[in-house]
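Okay, structure first, notes after.
The values are calculated or read from the model by the stated rules, or taken from the named source; none is laboratory data. Treat the numbers as computed from the prediction; the structure is a model and nothing was measured. Note that each Cβ is placed from the backbone with ideal geometry, even for glycine, and that neighbours are counted across all protein chains shown. Calculation scope for accessible area: heavy atoms of the full protein, side chains included, ligands and nucleic acids excluded. Shrake-Rupley method; radii C 1.70, N 1.55, O 1.52, S 1.80 Å.
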There are 2 protein chains.
Amino acid sequence: MPRADARANRAALLASAAQRFAIDGADVALEKIARDAGVSIATLYRHFPHREALVAATYAREIEDLAEVPDDGSGSVALARWLLRFVEFARTKRALGDLLHAPGADHPPARGVLLDALDRILTRGRADGTLRDDRDPADVLALLAGLWTLPDDDTWPVRADRLAGFVLDGLTTTR
Amino acid sequence: MPRADARANRAALLASAAQRFAIDGADVALEKIARDAGVSIATLYRHFPHREALVAATYAREIEDLAEVPDDGSGSVALARWLLRFVEFARTKRALGDLLHAPGADHPPARGVLLDALDRILTRGRADGTLRDDRDPADVLALLAGLWTLPDDDTWPVRADRLAGFVLDGLTTTR
DNA sequence: TTCTAACCGTAGGAACCCTACGTTTCGAGG
DNA sequence: CCTCGAAACGTAGGGTTCCTACGGTTAGAA
């Protein structure tokens, strides 16, 4: 159990981070987040050793939510539902793009969590014959990276749905 | 006609940039490129007011190459060939990812050039019935953004081909 | 050879990242 | 209620990169 002041500072940092990431994007200065939270930059680094850790912690709950895959329904239906949720996720959490799609070879934990979820869905679809068996979770995530490149205007939802639909189409066997 | 020394410096900068982008990636310090070229950082900024301009100029020739689309063959065949070239493009010019897929609403010229090429291909495929008519060039480019998120190891070519194949499959009508 | 517009480098401010180090404070145990 | 040490804190500063202001230098036309 950490000290009470440490816990409070951590919470304040996460709150500021969520706000700043939403307003200024993923590249906002960490010193700005620290200032908003009323703590020094050193405290931020003590709690979150690098930017990635702060981003991951900020969205930890949402990532866990997205990692849960209901057990009912066919693989293709599960995928369709998951994609809907993922699109909403991408729309509201633009700062996570860098984290999920970093070209580096070492996956951040958040990426692994989502890959696991996709793996469960693909496995189920493979078993019940509703999904093709020649794609893996990383392929799906790579295709969805495009969600973070779409222009940030009113056309976003339409384009995003079309992109997700494209992915779903390409994965389903029924056709 | 600019002065001879200005032309030489510009050429030296482009040569250094090509080398540095290939070795160190898109985020290499501009001062390093300037030093390699034997000029000062101010000279670099005078020729290329921002990083984007330098990247675009460095790969201008290759982008123009990729913008040329042969007139023969069906739309789907043209698309297949173009995708092969684009994959090779992505493999050798990783620094261009940021430029082609910047989320901002204002397209850099290089992006527009490729969108035009894709548009010609899609239009042809729509005319001859080999390509679906409900996708636009920006959709295709968004799907291909995933190429820049793949891990930089030996599995790259395989994953890249699979991704491009997925895009092609999803666009062709013959099935 | 002269002269000026174009080009160049030096120098430095500003923003950000990250760490070393001395100080303060919480809260468990007496 | 006090003591006291571990844990947490902030200040300060070095390093890097971006970008610009300004005065010196040079190419090349007349």
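Could you tell me which of rounded, prolate or oblate describes the protein assembly as shown, using a ≥ b ≥ c as the square roots of the eigenvalues of the alpha-carbon gyration tensor, with rounded for a/c under 1.5 and, failing that, prolate when a/b is larger than b/c and oblate otherwise? Write down the numbers at each step before the final one.
Working: a/c = 2.14, a/b = 1.02, b/c = 2.10.
Note, shape of the protein assembly as shown comes out oblate.
Copy-to-copy spacing for residue A:61, label 7 Å out on the Cα-to-C-beta vector, in nm, shortest first?
5.5
Which of the peptides A:35-41, A:114-120, B:25-31 is most tightly packed, and how do the rest follow, judged by the mean count of other Cβ atoms within 10 Å per residue? Show your work: numbers first, answer last.
Working: A:35-41: 16.1, A:114-120: 18.3, B:25-31: 13.9.
Top to bottom by mean Cβ count within 10 Å: A:114-120, A:35-41, B:25-31.
If the viscosity is 1.567 mPa s and the temperature 4 °C, what translational diffusion coefficient in µm²/s does Stokes-Einstein give for region A:60-171 when Rh comes from Kirkwood over Cα pairs?
Values: Rh = 14.3 Å.
Rounded, D is 91 µm²/s.
For the protein assembly as shown, what is the charge dipole size about the Cα centre, in debye to the nearest 20, if Lys and Arg each add +1 at the Cβ and Asp and Glu each add -1 at the Cβ? Working shown, then result.
Working: 46 positive and 54 negative charges, 147 e Å.
My answer is approximately 700 debye.
How large a share of the accessible area of the protein assembly as shown, in percent, is made up of carbon and sulfur atoms when the probe is 1.4 Å and the other protein chains stay in place? Intermediate values should be presented prior to the final figure.
Details: 9030 of 17130 Å².
Carbon-and-sulfur percentage of accessible area, whole number: 53.
Between copies, how far apart are the residue B:42 label points? List them in nm, one decimal, shortest first, with each point 7 Å from Cα toward Cβ, please?
3.9
Note the distances from residue A:158 to each other copy's matching label point, with points 7 Å along the Cα-to-beta-carbon direction, in nm, sorted shortest first.
Once sorted, the set of distances for residue A:158 reads 4.0 nm.
What order do you get for B:106-112, B:151-157 when each peptide is scored by the mean count of other beta carbon atoms within 10 Å, highest first? Can you show the working numbers first?
Numbers: B:106-112: 15.1, B:151-157: 12.0.
Top to bottom by mean Cβ count within 10 Å: B:106-112, B:151-157.
Any idea of the total accessible area buried by the B-A contact, 1.4 Å probe, rounded to 100 Å²?
Roughly 2300 Å².
Within a 10 angstrom radius of each residue's Cβ in B:165-172, how many Cβ atoms of other chains show up on average? Whole number is fine.
Values: counts 2, 11, 3, 0, 3, 8, 2, 0.
For this peptide, the per-residue mean of nearby foreign Cβ atoms is 4.
Based on alpha-carbon centroids, what's the gap between region B:59-112 and region B:1-28 in Å, whole number please?
The distance from the Cα centre of region B:59-112 to that of region B:1-28 comes to 22 Å.
Mind checking the dipole of region B:4-58: about its Cα centre, +1 per Lys or Arg Cβ, -1 per Asp or Glu Cβ, Debye to the nearest 20? Don't skip to the end; give the middle numbers.
Values: 7 positive and 6 negative charges, 30 e Å.
I would put it at about 140 debye.
When the helix-only estimate is applied to chain B (DSSP H runs of n ≥ 4, each -39,500 (n - 2.57), divided by the residue count), what is the mean residue ellipticity at 222 nm, nearest 500 deg cm²/dmol?
Numbers: 10 runs with 119 residues, N = 175.
Only helices count here, giving -21000 deg cm²/dmol.
Enumerate the amide H contacts of residue B:131 below 5 Å, restricted to partners 5 or more residues apart or on another chain; note that Pro and chain-start residues carry no placed amide H.
Here the answer is B:126, B:173, since their amide H atoms fall under 5 Å of that of residue B:131.
Projected onto the charge dipole of the protein assembly as shown (+1 at Lys/Arg Cβ, -1 at Asp/Glu Cβ, origin at the Cα centre), which of A:165, B:101, B:66 gives the Cα projection farthest towards the positive end?
Comparing the listed Cα positions along the dipole, B:101 ranks first.
Just to confirm, what accessible area per residue do you get for region A:60-171 at 1.4 Å probe, in whole Å²? It would help to have the intermediate numbers written out before the result.
On the way: 4830 Å² over 112 residues.
Result: 43 Å² per residue.
Give me the inter-chain shielding for A:101-108: mean count of other chain Cβ atoms within 10 Å, whole number please. Walk me through the numbers before you get to the answer.
Values: counts 5, 2, 10, 3, 5, 1, 1, 0.
For peptide A:101-108, the averaged partner shielding equals 3.
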